[in-house]
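Below you'll find the structure, written out as structure tokens, and then a few comments.
The values are calculated or read from the model by the stated rules, or taken from the named source; none is laboratory data. None of these values were measured; they are calculated from a predicted model. Note: ideal-geometry Cβ built from the backbone for every residue, glycine included; neighbour counts use all protein chains shown.
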Amino acid sequence: MMSGERAEGAEGCFLDEETFRRCCDHFLQRSQALHDGWSWEQVKGTEEGYMKKTVLGTGRVNISTAQDGHPRAGEVMDAVGDQGQVDDLGDEDTPVPAEGSSVIRFEYHVLYSCSYQTPVLYFRASTLDGRPLSLEDVWDQVHPNYRQRLLQGPWDTITQQEHPLIGQPFFFLHPCRTADFMRPLLQVAHAENRKLNYIVSWLSVVGPVVGLDVPLTYCEPLGSPALPLWHLTDHCLTLPPAGAWQTLHSKGCLNPTAFDHHLISFSFTWM
Amino acid sequence: MADDKDVLRDVWFGRIPTCFTLYQDEITEREAEPFYLLLPRVSYLTLVTDKVKKHFHKVMRQEDLEEMWFEYEGTPLKWHYPIGVLFDLHASNTALPWNITVHFKDFPERDLLHCPSNSVIEAHFMSSIKEADALKHKGQVVNEMQKKDHKQLWMGLQNDKFDQFWAMNRKLMEYPTEEGGFRYIPFRIYQTMSDRPFIQKLFRPVSSEGHAHTLGDLLKEVFPAAIPQDDEQKKYLIVIHGIEPLLETPVQWLSEHLSHPDNFLHISIIPAPSD
Amino acid sequence: MLGTRVMSGARCRTECWWKRHIAEQLKQRDRVQRQAFEEIIHQYNRLLEKSDLQAVLSERLQPDKSDLQNRHDLSPGADEELTELHKKRGELAQNVIELNNQMQQKDKEIQTNEAKMLQYQQRISELEAECRELRNSLQDLERANQTLKDEYDALQITFSALEEKLRRTTEDNQELVSRWMAEKAQEANRLNAENEKDTRRRQAKLQKDLAEAAKEPLPLDPDDDIEVLSEDASDGAGQADVSPSRTPGRTPSKRVSQPPSGLLDSISSIFGRRSVNSFSGLTDGAETHTGACAEVRVPSTALHTFDAHDGEVNAVCFSPGSRLLATGGMDRRVKLWEVVSGRCEHKGSLTGSNAGITSIEFDSAGSYLLAASNDFASRIWTVDDFRLRHTLTGHSGKVLSARFLLDNARIVSGSYDRTLKLWDLRSKVCMKTVFAGSSCNDIVCTEQCVMSGHFDKKVRFWDIRSESIVRELELLGRVTSLDLNHDRTELLTCSRDDLVKIIDLRSNAVRQSFSAQGFKCGSDWTRVTFSPDGCYVAAGSAEGTLFVWNVLTGKLERTLDKHHSSAINAVSWSPSGAHVVSVEKGSKAVLWSDM
């Protein structure tokens, strides 16, 4: 079914739970078709649920048994793509040497926040044996283009939070700015009378920030790609037709800071 | 109105007598005496336990010191819950003082959030306030406030300053007269025997006909099992701030007066004592 | 935008019910969870602190003690350290206690200061209230003051208006007075004119009578006629020759026929008139002599008793023509009377004196009247028109007597101020002042000599030319009056020793003394007089009795009483000899005659 309805929520750019469900259903269909790995988890005994995806990636992670949560000047390479450097820690209690590449398991959950009436992205990373990564480690997963901005206001953007349905510590992107950056997308879509999947659009914005890839192909069933969509490859963005960016830019939520033929970095204002 | 002010004060100044005992497996240089403290119900564990940390640091070796965490009868205590909620949820049926065990090792990564500094608590606190306001006023009031106002809220809580806090907080408790109440009531219902940590739903304080919804209406909607049927015995106690309000109490009033400083109404549903 | 809840009664009660439940529950909770443990936890923590402190101390000592086991000599050191630490601890505790005490004291001080401040504030507010009150009262006073000032200004204006009015009224008054004076002068002129007319009429009548009489053959005594004519002829030689020629006139031939008295009176009255006809120069001398040859009749009856003045009458004098009588009194007036058929008709009053009149004299022509007054001045009026001509001021005391010198151009006046002044009428100045040494009561003049009678019982004779005392004569009593006989050979004096004396001027000896039973000199200024022929002397007594002595016999000729009710001040014998007038203290005057 075409869940390309406009994201009708309570007011324009907000998402009500039912629409969320519908968008998720549609998304999951696509995901299944693309073998993207998203699944739906339902909370026992209720109607509520969330989308979940687990990704395995590589990266160097600084783990020592005694110092899980404490900030360490750990040098962690990008989990995707780059070669890791050997890091030298200092004296430790445990003779666990700084490993080379290790497998890191990323778990992404898409929940619905009834408070903000937007979807929220929760995620966590851990080693295969279950030891979770610290926030700093997680940052290092963030694309350097976003990292600068995030480091300026770390606590406001990605924070450790209790998963509202599971109760375990996750990281999440604060949803309070979601409505602001979704509005222009929705308005343009509405104006062009195009159908839009809120979840797809939203996830394609926030996902890459934390290493989540949303292939372009999610949009194909929607029809004519009049809306310039984000083309995400390797966390790099290719330049869409100029006019579209300008449209987006004029709505005031996205500020292109540098134009590169192949790479564009954006600064986001999250909160 | 004077009664309401008293209620606000009693809520703010609520205390729980607590006995902190060091975990027996912690390595100490000498015997660590337990540390007694009256914990504020409305604050957070990591915010008010500096003295505990100092006390126990005295008997421990420097190199053994890691992030402090607490547990009660095997359950790690989530510092990001208000202390009063933790107590009501876990220990309200037991004898006072509340015996909390202090740990410095083996931080339960899966269960507890890290709290490296007070800024984490502040961020969490402010995040709760924003979420509550998003429910009450679509976030308009908190967004209109300046950074220093946000700071004042946090400082009020941190330094236990009722007046300083409420000078700002009262703005968050206002609503348009014609509405009769907030847009939605920010609340969370906690249970010990549940997978999900809490229940949070959208709930309007005033019905479409204009009646004020009560606590009973809320529970009926969100947790109907809590309300006993006519002939049944009471299975659950509905505890807020250590007391059981009557089910006729209007939720709007509860939200205004019995919320925690984070503007959420934290409701603990605990099994009624069987004796 | 706080919501306001409008409740109905029932809802309110329900609301209160759950609210109260919550409030009670909270209180209950606090009692159980907080209050029960608060104190204990607090004390526990204190103990903990203390024990920690102990632990710290003991810890520090532990390594020392372990050392001690190895080295004994350190033990005293350790003990010492311990005691030192104890001492320090004690000191610190002491410090703590002291600081606590200080703090308490400071607190107390603060309290007292606050109490004082409160007091001061109260005081300030009190003072402020007072100040406000005072300011209010000041304002009131200022307002009242302003009101008074306004009133004063208004009164000032009224006052100046009234002053202006007064000034104008005074001017008007003065104007009116001057007009009135002018009117009076006019009236006087009219009267004078009438008088003129009257006299002319009488003159005409007389002429007619004369003409008629001249037709009749009259049995005239040739002596008389001749004497008259001879007197006329020899007049120009001066008055020095008068006396010898007059002596024969003193023979009883004076007792001449009475019946033609009316004619003689008429003649003498004609001659008594002043400058209108050309007889004036001759008539002056003729008049006198005529008086000498007049028939002197000793009075026996009072013809007319009348009130002459308001108050005392001090002086009386007949005019040389015997027609007019002048009296002067304490009412400051000189009144002129005409003796007509046995009565004194008031003719007019001479005003101008500011005090009582002391003496009166007509000049030898009878045209001027000289009166001395108690206002220190002497005055001269013209008789015809009663107008004041001269006022002679200069004395510093009452002028008691003033007389014309025989040339009628000079006047001598004697005063209470013990001086005599000589006045010149042409220049109207005082030519000479002589100090007499005693108050001068009366003066008479001869050609060369002025005689003055004084308070000191002396009669002084002054030479006119040398203006010095020639002679002094002392009597036995204060001299009250002087009179000369008509040929100026004898001086009549009256003194307070009740004696009337005649002094012979040639021999300067008292020739005669007259006294009588019942004759007392009434005052210091009692005037006595010769009869015109010098044969009789008349004097009035203090009881109001008129005494007449005969000079030739020296005996009392007549006593006339019962007509005066008070002391007689002055007596005057008409130059015609027919009448005697006496004036008394009691304002009466009596006209005596022998008819």
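Please go through the stretch B:184-201 and give me each residue that is in contact with a helix residue (DSSP H, G or I) (Cβ under 8 Å, 6 or more places away or on another chain) and surrounded by fewer than 16 Cβ atoms within 10 Å (Cβ to Cβ), ordered by number.
Hit for the stretch B:184-201 is B:Thr192, nothing else.
Check C:Leu127, C:Leu134, C:Leu166, C:Leu141 and return the single one that is at pLDDT 95 or above, under 36 Å from the mean Cα position of the chain (by Cα) and surrounded by 10 or more Cβ atoms within 10 Å (Cβ to Cβ).
Exactly one residue qualifies, and that residue is C:Leu166.
Tell me yes or no: at least one residue of the stretch B:120-139 is in a loop (DSSP other than H, G, I, E, B), modelled with pLDDT under 95 and surrounded by fewer than 20 Cβ atoms within 10 Å (Cβ to Cβ).
Taking the stretch B:120-139 as the starting set, the residues that turn out to be in a loop (DSSP other than H, G, I, E, B) are B:138-139.
Okay, now just the ones that are also modelled with pLDDT under 95, so B:138-139.
Add one more test, that the residue is surrounded by fewer than 20 Cβ atoms within 10 Å (Cβ to Cβ), and what stays is B:138-139.
Yes.
Could you pull out every one of the strands (runs of 3 or more DSSP E) wholly within the stretch C:535-591 that has 3 or more residues that are surrounded by fewer than 22 Cβ atoms within 10 Å (Cβ to Cβ)?
Per the criteria, C:556-560.
I want to confirm something. Restricting to the stretch C:20-60 and keeping residues that are of a type in the set (Asp, Glu) and under 21 Å from B:Lys5 (Cα atoms), which single residue is farthest from the other protein chains (Cβ to nearest Cβ)?
C:Glu24
Just checking: which of the helices (runs of 4 or more DSSP H) contained wholly in the stretch A:100-177 hold 2 or more residues that are at pLDDT below 80 and under 18 Å from A:Glu17 (Cα atoms)? Even if it seems obvious, please write down each step before you answer.
Working: elements: A:135-139, A:144-152, A:154-157.
No helices (runs of 4 or more DSSP H) qualify here.
Which condition from (1) touching a Phe, Trp or Tyr at 6+ places or on another chain (Cβ under 8 Å); (2) at pLDDT 85 or above is the one that A:Leu34 breaks?
Checking A:Leu34 against (1) touching a Phe, Trp or Tyr at 6+ places or on another chain (Cβ under 8 Å); (2) at pLDDT 85 or above, the one that fails is (2).
Scanning for something under 19 Å from C:Arg34 (Cα atoms), more than 10 Å from every other protein chain (Cβ to nearest Cβ) and hydrophobic (A, V, I, L, M, F, W, C), does the stretch B:66-75 turn up at least one residue?
The answer is no, given that none of the residues of the stretch B:66-75 is under 19 Å from C:Arg34 (Cα atoms), more than 10 Å from every other protein chain (Cβ to nearest Cβ) and hydrophobic (A, V, I, L, M, F, W, C).
If you check B:Ser127 against the conditions, is it among the polar types (S, T, N, Q), free of Cβ contacts under 8 Å to residues at least 40 places away in the same chain and in contact with an Asp or Glu (Cβ under 9 Å, 6 or more places away or on another chain)?
Yes, satisfied.
If you go through the stretch C:331-353 one residue at a time, how many are out of contact with any Phe, Trp or Tyr (no Cβ under 9 Å at 6 or more places or on another chain) and of a type in the set (Val, Ile, Thr)?
Final tally of qualifying residues: 1.
Any residue at all in the stretch B:15-36 that is within 25 Å of B:Ile129 (Cβ to Cβ) and either more than 9 Å from every other protein chain (Cβ to nearest Cβ) or out of contact with any Leu (no Cβ under 7 Å at 6 or more places or on another chain) (or both)?
No - not one qualifying residue is present in the stretch B:15-36.
Residue-wise test of (1) under 15 Å from B:Asp262 (Cα atoms); (2) facing another protein chain (nearest Cβ under 9 Å).
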site: B:Pro82; (1), (2): yes, no
site: B:Leu89; (1), (2): no, no
site: B:Asn93; (1), (2): no, no
site: B:Ile100; (1), (2): no, no
site: B:Lys105; (1), (2): no, yes
site: B:Leu112; (1), (2): no, yes
site: B:Cys115; (1), (2): no, yes
site: B:Ala134; (1), (2): yes, yes
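Conditions tested, residue by residue: (1) outside any loop (DSSP other than H, G, I, E, B); (2) in contact with a His (Cβ under 8 Å, 6 or more places away or on another chain).
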site	(1), (2)
C:His304	yes, no
C:Gly311	no, no
C:Asp331	no, yes
C:Trp337	yes, yes
C:Leu369	yes, no
C:Asp384	no, no
C:Thr391	yes, no
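Pick from C:Ser481, C:Ser507: which is within 27 Å of C:Gly437 (Cα to Cα), surrounded by fewer than 23 Cβ atoms within 10 Å (Cβ to Cβ) and among the polar types (S, T, N, Q)?
Every option except C:Ser507 fails the conditions.
Filtering the stretch B:179-228 down to residues that are within 12 Å of chain A (Cβ to nearest Cβ) and among the charged types (D, E, K, R), which residue is nearest to C:Trp18 (Cα to Cα)?
Applying the filter and picking the extreme gives B:Arg188.
Among the residues of the stretch B:239-254, write down those that are facing another protein chain (nearest Cβ under 7 Å) and β-branched (Val, Ile, Thr).
Once the filter is applied, which keeps residues that are facing another protein chain (nearest Cβ under 7 Å) and β-branched (Val, Ile, Thr), the stretch B:239-254 yields B:Ile243, B:Thr249.
Answer yes or no as to whether A:Gln67 is within 14 Å of chain B (Cβ to nearest Cβ) and either modelled with pLDDT of 75 or more or in a loop (DSSP other than H, G, I, E, B) (or both). Explain how you work it out, then say what you get.
Details: within 14 Å of chain B (Cβ to nearest Cβ): yes; either modelled with pLDDT of 75 or more or in a loop (DSSP other than H, G, I, E, B) (or both): yes.
Criteria met by A:Gln67.
Of the residues C:Asn100, C:Asn70, only one is loosely packed, with under 10 Cβ neighbours inside 10 Å and either out of contact with any Asp or Glu (no Cβ under 6 Å at 6 or more places or on another chain) or at pLDDT 85 or above (or both); which?
Unique residue meeting the criteria: C:Asn70.
Modelled with pLDDT under 80, over 15 Å from the mean Cα position of the chain (by Cα), within 27 Å of B:Gly139 (Cβ to Cβ) and not in a strand (DSSP E or B): does that describe A:Ala226?
No.
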